[in-house]
Amino acid sequence: MKLGTLRNDTRDGALCVVSRDLRHAVVAFDIAPTLQAALDDWDYVAPQLESVYEGLNRDPSGSRVFEPDFVKFASPLPRAYQWADGSAYVNHVELVRKARGAEMPPEFWTDPLMYQGGSDSFLGPTDDILMASEEWGIDLEGEVAVVTDDVPMGVPEKKAGAHIRLLMLVNDVSLRNLIPQELAKGFGFFQSKPSSAFSPVAVTPDELGDAWDGGKVNLPLVVHLNGELFGRPNAGVDMTFEFPRLIAHAAKTRPLGAGTIIGSGTVSNKDRSSGSTCIAEKRMLEIIESGKATTPFLKFGDRVRIEMLDAAGRSIFGAIDQQVAKYVPPR
């Protein structure tokens with residue numbers, strides 16, 4: 001099942017069921033007004049949405065059916081009660097530390113890294129990345145994320161996967177030149193992690209078929225920058241901490257409410273021939289190889305595209321397709 005959110009005159013938009021080929025959609029307001037409402041009562045609502053989905057795929061000619069324009073779609077969850085982003089591809093962390101001559105603490109391989117990001121204003125899949133200054137070091141980060149139902153505190157890893165309801169793609173925008181001064185304070189990210197963007201639709205795990213093994217997605221995450229392939233590392237390779245582990249980590253000392261989003265962190269492979277999903281990683285490789293980073297961070301006018309295709313080359317989640325643009329703060 002594929003679900004999206006059509007913008008309307010409310011904060012949270014209108015829940016839509018989108019066909020498997022992403023060519024047709026229907027508003028599901030009579031079943032649940034928003035995706036958050038559906039997640040709050042998933043066991044009751046999901047079978048009804050699934051019935052609509054099956055009918056839409058079988059015969060998309062109904063009077064309520066429309067062709068979705070994802071420019072008009074918000075993030076599947078325009079805002080969420082919680083957005084916690086992990087760093088599950090530890091080889092990426094190791095690379096970044098190596099480039100600056102820092103040792104890798106051994107516990108990084110056994111205990112997940114995670115930060116709590118801002119979840120009150122997510123970007124839609126085609127929204128501009130608005131920034132006041134290029135000097136902040138604007139970067140993209142291609143990720144996969146899961147959305148949970150209610151997760152009890154202390155859930156064991158072996159049971160955590162049962163709480164995954166949906167998956168999405170993420171562009172976790174990062175401001176690289178603001179990160180060092182924030183981390184130096186010893187209190188984590190804040191200004192350096194602006195609004196993230198999510199794919200046009202969220203999908204139930206069964207939509208991934210054999211590519212979903214219960215813990216990770218075994219498909220390449222394809223990133224283009226200004227129309228040129230930037231990277232396509234496989235999200236199922238070198239994922240040190242799979243999603244059940246990340247969920248259990250997040251729920252160690254607190255319950256997680258329905259609609260919690262858990263991110264994988266930057267998708268990264270040890271085999272660098274597949275490229276990268278963030279500029280910082282490519283810059284680190286350049287530093288290691290030649291002593292100098294040559295790839296610039298994003299500039300105004302740059303365009304980022306993040307997508308995942310199935311084995312037949314069909315888009316699963318739709319594409320995150322954004323342009324970096326100048327933001328003028330209010331006076």
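The values are calculated or read from the model by the stated rules, or taken from the named source; none is laboratory data. Everything numeric in this text was worked out from a predicted model, so none of it was measured. Every residue, glycine as well, gets a Cβ built from its backbone with ideal geometry; the counts of neighbours run over all protein chains shown. Just the protein is used for accessible areas: all its heavy atoms, side chains included, with ligands, DNA and RNA removed. Shrake-Rupley method; radii C 1.70, N 1.55, O 1.52, S 1.80 Å.
Table: residues versus (1) in a strand (DSSP E or B); (2) open to solvent by 20 Å² or more (accessible area, probe 1.4 Å); (3) without any contact (Cβ under 8 Å) to a residue 12 or more places away in the chain.
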position: Gly4; (1), (2), (3): yes, no, no
position: Asp12; (1), (2), (3): no, yes, no
position: Val26; (1), (2), (3): yes, no, no
position: Ala32; (1), (2), (3): no, no, no
position: Leu56; (1), (2), (3): no, no, no
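List pairs: first in segment 142-154 and within 12 Å of Ile262 (Cβ to Cβ) and open to solvent by less than 50 Å² (accessible area, probe 1.4 Å), second among the basic types (Lys, Arg) and not in a strand (DSSP E or B), Cβ under 9 Å, 6+ apart or cross-chain? Note: pairs meeting the criteria are Val144/Lys216. Among residues of segment 267-306 being of a type in the set (S, T, N, Q), touching a Gly at 6+ places or on another chain (Cβ under 7 Å) and in a loop (DSSP other than H, G, I, E, B), the one that is surrounded by the most Cβ atoms within 10 Å (Cβ to Cβ) is Thr277. Here Ala37 meets each of (1) touching a Phe, Trp or Tyr at 6+ places or on another chain (Cβ under 7 Å); (2) open to solvent by 10 Å² or more (accessible area, probe 1.4 Å); (3) within 18 Å of Gly257 (Cα to Cα) with one exception, condition (1).
Could you tell me how many of the residues in segment 58-94 are in contact (Cβ under 8 Å) with a residue 24 or more places away in the chain and charged (D, E, K, R)?
Let us first name the residues in segment 58-94 that are in contact (Cβ under 8 Å) with a residue 24 or more places away in the chain, namely 60, 62, 64-68, 70-92.
Then keep just the ones that are charged (D, E, K, R); that gives 64, 67, 72, 79, 85.
Result for segment 58-94: 5.
When segment 223-241 is examined, which residues are found to be crowded, with 21+ Cβ neighbours inside 10 Å and either assigned to a loop (DSSP other than H, G, I, E, B) or of a type in the set (A, V, I, L, M, F, W, C) (or both)? Selection gives Val223, Phe230, Arg232, Pro233, Ala235, Met239, Phe241.
Among the residues of segment 97-119, those that are more than 13 Å from the chain's Cα centre (by Cα), under 19 Å from Gly263 (Cα atoms) and either surrounded by 15 or more Cβ atoms within 10 Å (Cβ to Cβ) or of a type in the set (Gly, Ala, Ser) (or both) comprise Phe108, Pro112, Leu113, Met114, Tyr115, Gly118.
Per-residue answers, yes or no, for (1) at pLDDT 95 or above; (2) touching a Cys at 6+ places or on another chain (Cβ under 6 Å); (3) within 25 Å of Ala211 (Cβ to Cβ):
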| residue | (1), (2), (3) |
| --- | --- |
| Arg165 | yes, no, yes |
| Met168 | yes, no, yes |
| Leu183 | no, no, no |
| Gly186 | no, no, no |
| Lys193 | yes, no, no |
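On the given criteria, is Glu143 at pLDDT 95 or above and acidic (Asp, Glu)? Answer is yes for this residue.
Between Gly124, Gly137, which is within 19 Å of Ile261 (Cα to Cα) and either buried (at least 24 other Cβ atoms within 10 Å of the Cβ) or touching a residue at least 60 places away in the same chain (Cβ under 8 Å) (or both)?
On the way: Gly137 fails: within 19 Å of Ile261 (Cα to Cα).
Gly124 is the lone residue from the list that is within 19 Å of Ile261 (Cα to Cα) and either buried (at least 24 other Cβ atoms within 10 Å of the Cβ) or touching a residue at least 60 places away in the same chain (Cβ under 8 Å) (or both).
Filtering segment 61-79 to residues that are more than 24 Å from Pro125 (Cα to Cα) and open to solvent by less than 50 Å² (accessible area, probe 1.4 Å) leaves only Gly62. Look at segment 194-208: where a residue is farther than 14 Å from Asp310 by Cβ and open to solvent by 10 Å² or more (accessible area, probe 1.4 Å), no partner that is assigned to a strand (DSSP E or B) and among the small types (Gly, Ala, Ser) sits 6+ places away or on another chain with Cβ atoms under 6 Å. Of everything listed in (1) polar (S, T, N, Q); (2) buried (at least 21 other Cβ atoms within 10 Å of the Cβ); (3) in a loop (DSSP other than H, G, I, E, B); (4) out of contact with any helix residue (DSSP H, G or I) (no Cβ under 7 Å at 6 or more places or on another chain), the single unmet condition for Gln322 is (3). So which residues in segment 242-257 are open to solvent by less than 50 Å² (accessible area, probe 1.4 Å) and under 17 Å from the mean Cα position of the chain (by Cα)? The answer is Phe243, Pro244, Leu246, Ile247, Ala250.
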